[in-house]
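Note sheet for the following structure.
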Amino acid sequence: MGQETVLAVEISREGFEWALRHACLSSHVPGVHPDRASWQRELKRSPIRVQWGPERDLRLRPLPYRSLQLDLSGEAARSYADEWTVAIRDVTPLAHEIHALVRNDDLDAARALLPREQPYPAAAQLLGNLRL
């Protein structure tokens with residue numbers, strides 16, 4: 001773990017979808033971008049960079065699907081802090097409890113404490129420029 005504090009940040013759907021509409025992939029992907037120069041111009045203008053990171057299981061082994069990772073700057077960072085954030089909860093004790101269960105090989109109990117996750121129901125046009 002190595003983290004002192006773990007926070008659960010809830011943001012508005014409107015804010016998240018604004019972020020998706022204004023995001024650019026952090027690396028050039030042929031077929032998504034016409035050419036490297038176009039991608040570089042888009043990246044320079046975008047307040048949000050996206051990369052698809054491997055999702056991991058409780059033992060930190062990669063899973064067969066990826067999750068969206070957003071890097072916010074400028075206007076996006078200000079909006080995140082001032083407008084989009086709905087709630088912030090300190091989940092450090094929960095993270096420590098889950099970690100202890102994993103260390104004791106009680107994976108079922110650890111899984112039961114994880115937040116329920118499901119795919120985000122984003123319209124195709126929101127993710128169109130962010131597919132790999």
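Read-outs: derived from the displayed coordinates by stated rules, not from any lab. Remember, predicted model here, so these are calculated numbers, not experimental data. Please note: Cβ atoms are built from the backbone with ideal geometry, for glycine as well, and neighbour counts cover all protein chains shown.
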If you rank Leu127, Leu7 by fewest surrounding Cβ atoms within 10 Å, what's the result? Leu7, Leu127
For the chain, what is the charge dipole size about the Cα centre, in debye to the nearest 20, if Lys and Arg each add +1 at the Cβ and Asp and Glu each add -1 at the Cβ? 600
Going by the alpha-carbon gyration tensor, a ≥ b ≥ c the square roots of its eigenvalues, is the stretch 7-115 rounded (a/c under 1.5) or, if a/c is not under 1.5, prolate (a/b greater than b/c) versus oblate? oblate
Given contacts defined as C-alpha pairs under 8 Å and at least six residues apart, what's the relative contact order of the stretch 7-115, whole-number percent? 31
With runs of 4+ DSSP H residues as the only contributors, calculate the mean residue ellipticity of the chain at 222 nm using -39,500 (n - 2.57) per run, divided by the residue total and rounded to the nearest 500. -9500 deg cm²/dmol
